[in-house]
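Report on the following structure.
Readers should treat all values here as calculations from the given coordinates under stated rules, not as data from a laboratory. Here the structure is a predicted model, which is why all the values come from computation and not from measurement. Glycine also receives a Cβ, built like all others from the backbone with ideal geometry; neighbour counts cover every protein chain displayed.
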Amino acid sequence: MSTTHDVINPATEETVRTIELVGVEETDEAVARAVEVGPSWRGLAPADRGRLLRRFSEVVDDHLEELAQLEVTNAGHTVGNARWEAGNVRDVLAYYSAAPERLFGRQIPVAGGLDITIKEPLGVVSVIVPWNFPMPIAGWGFAPALAAGNTVVLKPAELTPLTAMRLGELALEAGIPEGVFTVLPGKGSVVGERFVTHPDVRKVCFTGSTAVGQGIMRKAADQLKRVTLELGGKSANIVFDDSDLDVAAAAAPMSFLDNAGQDCCARTRILVQRSVFDAFMERFEAAMGDVRVGDPGDESTQMGPLVSAGQRETVRGFVEESGGAVDVAFRGSAPEGAGYWYPPTVVLPRATTDRVWQDEIFGPVVGVMPFDDEADAIRLANDTAYGLSGSIWTRDVGRAIRVSRAVEAGNLSVNSHSSVRYSTPFGGYKASGIGRELGPDALDAFTEVKNVFISTES
Ligand code: NAD
């Protein structure tokens, strides 16, 4: 079995770097080291742990452009997006650098004594990262985990390991002690599986596909290991007839084309009230025509290539081998030649049961369907196994609140398609996952609550 892996630039199909893959033995060594250094890391004065995380944030900022350029070749991300992603790691670290001094417990009134709760770290935490957002998703795991006093082993995705590996080096440069945060590039079936079965790993923080997440949860049950699962999505973009149609249509393309559609939050089911369907489609088609697809290193590019030839085949299969179940309404353009390109594509599914309407495609493909009224919109929005995000476009405040309450998803935006802010919780309902990342909630996911009762009677 080969122990090396070629990292391919998705825009050129050239090898960026050949890396050594880590096996079970190295994984066990890293976990043993994480166990060993655990007491000194959790035992640091909270302000000192915070200072080290703040320093890590500053070092990431010093290397922001380098990290962004590396992500362009590692994952094919547009340079603008990649800068945002490196900046997000910086910001997440800065946000959680304040946490060690704010891990507040409670004092609960009881008879006969004093009752307090203490938030304690879990121990060694593992983070498993997918290929679509290699930097932010790594940071959403390691930053709160470290802040809460855990030590961390992290596995990047096979296809896109380079930026996470660099973050591991920058952590050392920032003064995070060796063994506290270790990046282990390797296969899911080797390193990832070992995280799940290793008795000293107390938690698996996994982001990836629903099928792999389900398998991890089953295996983790053997040791009652804690899991956070951030999984797939098929989010609705609901456009009511009282919305500002120009704004809703202008926002629709990048709400599913960001990262070439390889985004768990992509709004890939557009629901448009029947009375404004044609007016919306006219504006949407014009907006799609303006999307710039091409060289991800070019400052003006909005959409780059897919991550791999395999991913492009998967996407193509949904649109072109669907047995006539979808009509293509219109398409954008994509470069010819080397690179894993696929044009932005808008389809009109025939039925809500169509694969293209129900399954996560993870590419630049969106379906559009009309609805009649508010109840119909809610029914269609919830007619999916997933529940990660979504948008609601309306100028009626009451409707915005009613529909936000009724849609079963963890992250909703009204008159916006943004989903992620480092200070607010992120996660899914139903098959989109279990638990929350980011914001104050993530700290709960990386701590145990201990209750201590101190008698005053003796
Ligand atoms: P994937 O499930 O194939 O792999 C994710 C990670 O798990 C990779 O690092 C992989 O090596 C590892 N892995 C694979 N098999 C494993 C196993 N048996 N045990 C342990 N680890 C294993 O997903 P992907 O194709 O890399 O990423 C795309 C998926 O991620 C999409 O479904 C997308 O929706 C999802 N995603 C979800 C979120 C979210 O926050 N909800 C964010 C980004 C991506």
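I need the phi-derived Karplus couplings for region 214-221: 6.51 cos²θ - 1.76 cosθ + 1.60, θ = phi - 60°, integer Hz, Gly and Pro marked x.
5, x, 5, 5, 4, 5, 4, 4
When ranked by the protection proxy of mean other Cβ atoms within 10 Å per residue, highest first, what sequence do the peptides 200-212, 225-237 form?
Descending packing order for the listed peptides: 225-237, 200-212.
Starting from the Cα of Met254, step 7 Å toward the Cβ, then list every residue of region 387-425 with an amide N under 15 Å from that point.
416-420
Order these peptides, 135-145, 175-185, 66-76, by their mean beta-carbon neighbour count within 10 angstrom, highest first.
With the highest mean Cβ count within 10 Å placed first, the list reads 135-145, 66-76, 175-185.
If I take R0 = 30 Å and measure r between the Cβ atoms of Thr3 and Ala98 in this structure, what FRET efficiency does the formula 1/(1 + (r/R0)^6) give, to the nearest 0.05?
So, using R0 = 30 Å, E works out to roughly 0.15.
Placing +1 at every Lys and Arg Cβ and -1 at every Asp and Glu Cβ, with all other atoms neutral, what dipole size does region 236-421 have around its Cα centre, in debye to the nearest 20?
The calculation lands at about 380 debye.
Out of Ala248, Ala309, Val420, whose Cα points farthest toward the positive end of the dipole of region 236-421 (charges: +1 Lys, Arg; -1 Asp, Glu; placed on Cβ)?
Val420
Once you put a point 7 Å from the Cα of Arg350 and another 7 Å from the Cα of Val328, both along the Cβ direction, what distance in nm separates them?
1.8
For Phe181, list long-range residues whose amide hydrogen, built 1.01 Å from N in the peptide plane, is under 5 Å from its own amide hydrogen.
Answer set, sorted by chain and number: Val152.
If a/c stays under 1.5 just call it rounded; otherwise compare a/b with b/c (prolate if a/b is bigger, oblate if not). Do that for region 236-421, with a ≥ b ≥ c from the square roots of the Cα gyration tensor eigenvalues.
prolate
What nm value, rounded to one decimal, do you get for the distance between Thr15 and Gln223 when each label is placed 7 Å out toward the C-beta?
3.5
Over 27 Å between Cα atoms: which of Lys119/Lys234; Lys155/Lys430; Lys225/Lys430; Lys234/Lys450; Lys430/Lys450; Lys155/Lys450 fall into that group?
Lys119/Lys234; Lys234/Lys450; Lys430/Lys450; Lys155/Lys450
How much of the pair distance distribution for the chain lies past 34 Å, counting alpha-carbon pairs only, in percent?
Cα-Cα pairs of the chain separated by over 34 Å account for 35 percent.
Counting other Cβ atoms within 10 Å, which trypsin sites (Lys or Arg not before Pro) in region 71-119 have at most 14 and lie in a DSSP loop?
Here the trypsin sites (Lys or Arg not before Pro) that fit, given the DSSP loop and packing criteria, are Arg106.
For the residue pair Ser458 and Glu169, what label-to-label distance in nm results when each label sits 7 Å from Cα along the Cα-to-beta-carbon direction?
Placing both labels 7 Å along Cα→Cβ, they lie 5.7 nm apart.
Please report the relative contact order for the chain, taking Cα pairs under 8 Å with a sequence separation of at least 6, and give it as a percent rounded to a whole number.
The value is 18 percent.
State the extension gain, in nm to one decimal, for the chain segment bounded by Ile401 and Asn382, taking 0.36 nm per residue of separation less the distance between their alpha-carbons.
5.2 nm
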